[in-house]
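The next block holds one structure in the form of structure tokens; read it before the comments.
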Amino acid sequence: MIDKKAARIFMGRVRDVVNREWNPIGVPDLPEDEYDAYIGAIASMIQNRSSDEVFLKYMKMVELEEMGLNQFNRDNALKVIAKFRTIEPVQ
């Protein structure tokens with residue numbers, strides 16, 4: 001059984017990295033829930049200890065297809081993935 005408090009802390013950490021480090025549209029002071037639609041998938045990838053390529057494929061799809069951005073910065077994405085890796089999965 002997953003500890004609900006630990007799960008909330010975990011999801012909060014994922015949200016923090018998504019908002020502060022990834023922030024694909026690059027607008028400062030976005031609403032805290034701006035990227036919440038993507039947190040579940042990213043949390044699952046962290047839990048599953050997915051490869052960098054899985055993260056990159058997802059992040060690229062989100063940025064180019066869902067957000068309609070013109071380019072994908074792989075180097076920046078790898079830095080963000082490194083931050084995701086510092087988040088301890090929930091047991």
Open item on the list: If I filter region 1-11 down to residues being surrounded by 12 or more Cβ atoms within 10 Å (Cβ to Cβ) and not β-branched (V, I, T), which single residue comes out as nearest to the chain's Cα centre (by Cα)?
Closed with: M11
- [ ] Would you mention how many residues in region 36-56 are under 10 Å from the mean Cα position of the chain (by Cα) and charged (D, E, K, R)?
- [x] 1
Open item on the list: Looking at region 68-76, can you tell me whether even one residue there is in contact with a helix residue (DSSP H, G or I) (Cβ under 9 Å, 6 or more places away or on another chain), crowded, with 17+ Cβ neighbours inside 10 Å and of a type outside the set (V, I, T)?
Closed with: no
Task: Filter pass, N23 being of a type in the set (S, T, N, Q) and within 12 Å of the chain's Cα centre (by Cα) - done: yes
Open item on the list: Step by step: first the residues of region 14-54, then only those that are assigned to a helix (DSSP H, G or I) and touching a residue at least 40 places away in the same chain (Cβ under 8 Å), then the one that is nearest to N73 (Cα to Cα). Which residue is that?
Closed with: W22
- [ ] Would you please name the residue that is nearest to E34 (Cα to Cα), looking only at residues in region 55-75 that are free of Cβ contacts under 8 Å to residues at least 12 places away in the same chain and either among the charged types (D, E, K, R) or in a helix (DSSP H, G or I) (or both)?
- [x] E66
TODO: Output the number of residues of region 77-91 satisfying the condition of being of a type outside the set (K, R), surrounded by 15 or more Cβ atoms within 10 Å (Cβ to Cβ) and outside any loop (DSSP other than H, G, I, E, B).
DONE: 4
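Values quoted throughout were computed directly from the atomic coordinates according to the rules given, and no laboratory measurement underlies them. This one's a predicted model, so the numbers in the text were calculated from it and none came from an experiment. All Cβ positions, even for glycine, are placed from backbone atoms using ideal geometry, and neighbour counts span all protein chains on display.
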